[in-house]
Amino acid sequence: MPFEWFVALRYMRDARGQTALIFAAVAVGVTVIVFLSALIGGLQASLIDKTLGSQPHITLLVPREVPRPLAAATPTTAIARATQESPQRLRSIDQWPEVVVAAGRIDGVIAAAPSISGAGFAVRGEARSPIVVRGVDPERFLQIIDIRERLVAGRFVVGGGDVVIGAQLASELGAAVGDKLRVSSSEGVDDVVTIRGIFSLGARAVDATWLLTSLRHAQALYALPGGVTTIELKVAEVFAAERIARQVAGATGLRADSWMTVNAELLAGLSAQSSSKWLIQFFVVVAVALGIASVLIVSVVQKSREIGILRAVGTPRRRIVLVFLIQGGVLGLIGSIAGAGLGALLAKLFEGLVRDPGGAPRFPVQLTPALFLSSIALAIGVGLVAAMIPARRASRLDPATAIRNG
Amino acid sequence: MAEREDVLVVDGVVKEYGDVMRTRALDGVDLVLGRGELAALMGPSGSGKSTLLNIIGLLDRPTSGRVFLAGTDTTGLGERELTATRARTLGFVFQFHHLLPSFTALENVMLPAWGERGRVDRELRAAAESILEAVGLADRMHYRATNLSGGQQQRVAIARALVRRPALVLADEPTGNLDLASSAEVFELMRRFNRELGTTVLVVTHDPRIAAGCDRVIELEDGRVVADRSVTPA
């Protein structure tokens, strides 16, 4: 066995109390890091999942209509005018089939679906609720939001007067699968439809207003023959949505809203949460590093005579440095493996303990191989860095003084 | 680099301590030890024996003067070269044996070469086992240092000092902490190796019986060599 490893392992075995202290410091630190990361990561993933489960990653819309005053000021003349905002009409995207194909070809976009989105009312008997009519191409729409997984009753059938509505809307209208509704669009077109399915996406605004019908039916309701008002995109990497949205907007001339823009407050909240997590982890790492360094410094002081003898009989400084770095690194590795296991166990226990009435975990945790590997790598790194000070101190001991004074 | 044939040449070595109040511990020491010599270094406390031993052992540097070890001028050597020279040329026996308590007798004996080379090879292990047998500890080589008696520990220390067949062994009161019987046993061992291997040995001692067993006695007082005489065998 190499000299440095032999001496380091022997020192660790002999100084069991100090070894246990360092091990415990690393294990507790890594437990906190893994538990916190799993919890916050899980919460964030769950929030993003819920958010993106009810909306496309990018929505393409026709640009907003803006008033264009006929009279304009010149460098030599000034005019007084009052300009009113233009009312936003429901308009179709020009050449939308080409836009769908072009958007689908952009790097990172994995699905594109045309749709119509318009306001209206649903009436059933005395009950009347404001709704958002979504005209969709079923196959393409399911690639954006897989509503079949969220059906609470019936089937996903749209077209020919068949619709699927949100659970909250069904509840407010007192409607069930097979019931008929009268739908009035904002364009003043009325029709009677049959409910074939009821879904719950978990987003109140969606579940209380959405009525999904076929694209053709929506075109009739909104007097947009052959037209669509939005093109919805799904991207492979959700956090690349904003960048891809800017790219699509540049390529198509349309307005492109990414989920990140639409949910800016949610993202700000997640970002603040991540910052808190990093801050806590930073202080945990500092505390662990100080713990390792101080215990190893005590070890150097206790073993200074032995280090002096090793130096006197010809052991080079670099080997003395390595003896202490190995101790820091090995304890970082072993402590972090134990800490990662303990952190994962605690996270799973916590997830199992706190559940909502439906039985789903209220705090879903996210335990990934990357989290374990990064925590272990971090602990080894901290162990090595923390051991650097005692290692240097040990290597710089004057052998004669160390032997004389111990 | 100067070349001399003697194992040790100390040439006008001065050692001063302190910045404002300068204390001279060694005041122009000249000393030559030839191959195979067994010399005793004597003197009252504070005469500079330990300082001289540290300088010869390359654990300290002289303020002025030069030290040649096995023909090599050590004056201008850097830290790394000093460590390597110490490992290859010198063997140390300390008063309190200074074995590493966590290690067995065999591991302690292998330390100088192991620490320098980084690994233990078959040759080193064989040499360590052989010298432990030679000092009468064949059945104790896997005992931890702390489980050996004072005399046995000092014999391990002698084995450690000699395992690499160094040109010069420096012994700082090697029997100072032992009873009479162990003391005689340990010194006899050193003299045996000195005769059999031709190793030059410089022993710092207060014990006239030890000095009487050496070839030569060098006396130090106030940092100067005041006497240097051969011992006539009894």
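Brief remarks on what is shown
- Counting only helices (runs of 4 or more DSSP H) that sit completely within the range B:98-169, those holding 1 or more residues that are within 12 Å of another protein chain (Cβ to nearest Cβ) and surrounded by fewer than 20 Cβ atoms within 10 Å (Cβ to Cβ) correspond to B:105-117, B:122-134.
- Boolean, A:Ala379 is away from chain B (no Cβ under 14 Å), buried (at least 20 other Cβ atoms within 10 Å of the Cβ) and closer than 16 Å to A:Val298 by Cα: no
- Selection status of A:Phe324, closer than 30 Å to B:Arg88 by Cβ and more than 14 Å from chain B (Cβ to nearest Cβ): yes
- Residue in the range A:381-396 that is touching a residue at least 24 places away in the same chain (Cβ under 8 Å) and in a loop (DSSP other than H, G, I, E, B) present: yes
- Taking the criterion of being surrounded by 22 or more Cβ atoms within 10 Å (Cβ to Cβ) and either more than 25 Å from A:Ile93 (Cβ to Cβ) or without any contact (Cβ under 8 Å) to a residue 60 or more places away in the chain (or both), the residues of the range A:198-218 that qualify are A:Ile198, A:Phe199, A:Asp207.
- Check on A:Leu279, in contact (Cβ under 8 Å) with a residue 24 or more places away in the chain and either crowded, with 20+ Cβ neighbours inside 10 Å or part of a helix (DSSP H, G or I) (or both): no
- Checking each residue in the range B:165-193 for being in contact with a Leu (Cβ under 9 Å, 6 or more places away or on another chain) and of a type in the set (Lys, Arg) picks out B:Arg165, B:Arg191.
- Inter-residue pairs, beta-carbon under 9 Å, first within 21 Å of B:Leu58 (Cβ to Cβ) and touching a residue at least 60 places away in the same chain (Cβ under 8 Å) and in the range B:168-197, second of a type in the set (A, V, I, L, M) and assigned to a loop (DSSP other than H, G, I, E, B), 6+ apart: B:Leu168/B:Val7; B:Leu168/B:Ala70
- Any hit, the range B:22-39, residues being in a loop (DSSP other than H, G, I, E, B), free of Cβ contacts under 8 Å to residues at least 24 places away in the same chain and more than 14 Å from the chain's Cα centre (by Cα): yes
- Residue within the range A:161-178 that is touching a residue at least 24 places away in the same chain (Cβ under 8 Å), in a strand (DSSP E or B) and among the charged types (D, E, K, R) present: yes
- Every test in (1) crowded, with 22+ Cβ neighbours inside 10 Å; (2) assigned to a loop (DSSP other than H, G, I, E, B) is passed by A:Gly226 save one, and that test is (1).
- Unmet requirement for B:Gly78, which otherwise passes all of (1) surrounded by fewer than 16 Cβ atoms within 10 Å (Cβ to Cβ); (2) over 22 Å from B:Arg61 (Cα atoms); (3) away from chain A (no Cβ under 11 Å): (2)
- Residue within the range B:72-90 that is part of a strand (DSSP E or B) and under 12 Å from B:Ala161 (Cα atoms) present: yes
- Number of positions in the range B:49-73 that are within 14 Å of chain A (Cβ to nearest Cβ) and of a type outside the set (A, V, I, L, M): 8
- Residues in the range B:213-233 that are surrounded by fewer than 18 Cβ atoms within 10 Å (Cβ to Cβ) and either at pLDDT below 85 or in a strand (DSSP E or B) (or both): 11 in all.
- The residues on offer are A:Ala289, A:Ala347, A:Ala293, A:Ala338, and the sole one that is under 37 Å from the mean Cα position of the chain (by Cα), touching a residue at least 40 places away in the same chain (Cβ under 8 Å), within 30 Å of B:Gly78 (Cβ to Cβ) and away from chain B (no Cβ under 14 Å) is A:Ala293.
- Subset of the range B:54-69 (residues that are surrounded by 21 or more Cβ atoms within 10 Å (Cβ to Cβ) and touching a strand residue (DSSP E or B) at 6+ places or on another chain (Cβ under 8 Å)): B:Ile55, B:Ile56, B:Gly57, B:Leu58, B:Pro62, B:Val67, B:Phe68, B:Leu69
- Matching entry among A:Arg68, A:Arg10, A:Arg64 (being assigned to a helix (DSSP H, G or I) and among the basic types (Lys, Arg)): A:Arg10
- Annotation note: of A:Thr31, A:Thr59, A:Thr19, A:Thr51, the sole residue that is crowded, with 16+ Cβ neighbours inside 10 Å, within 14 Å of chain B (Cβ to nearest Cβ) and polar (S, T, N, Q) is A:Thr19.
- For B:Ser183: the one exception among (1) in contact with a Gly (Cβ under 9 Å, 6 or more places away or on another chain); (2) part of a loop (DSSP other than H, G, I, E, B): (2)
The values are calculated or read from the model by the stated rules, or taken from the named source; none is laboratory data. Owing to the predicted nature of the structure, the values given are computational and were not obtained by experimental measurement. Heads up, the Cβs are rebuilt from the backbone with ideal geometry, glycines too, and the neighbour counts pull from every protein chain shown.
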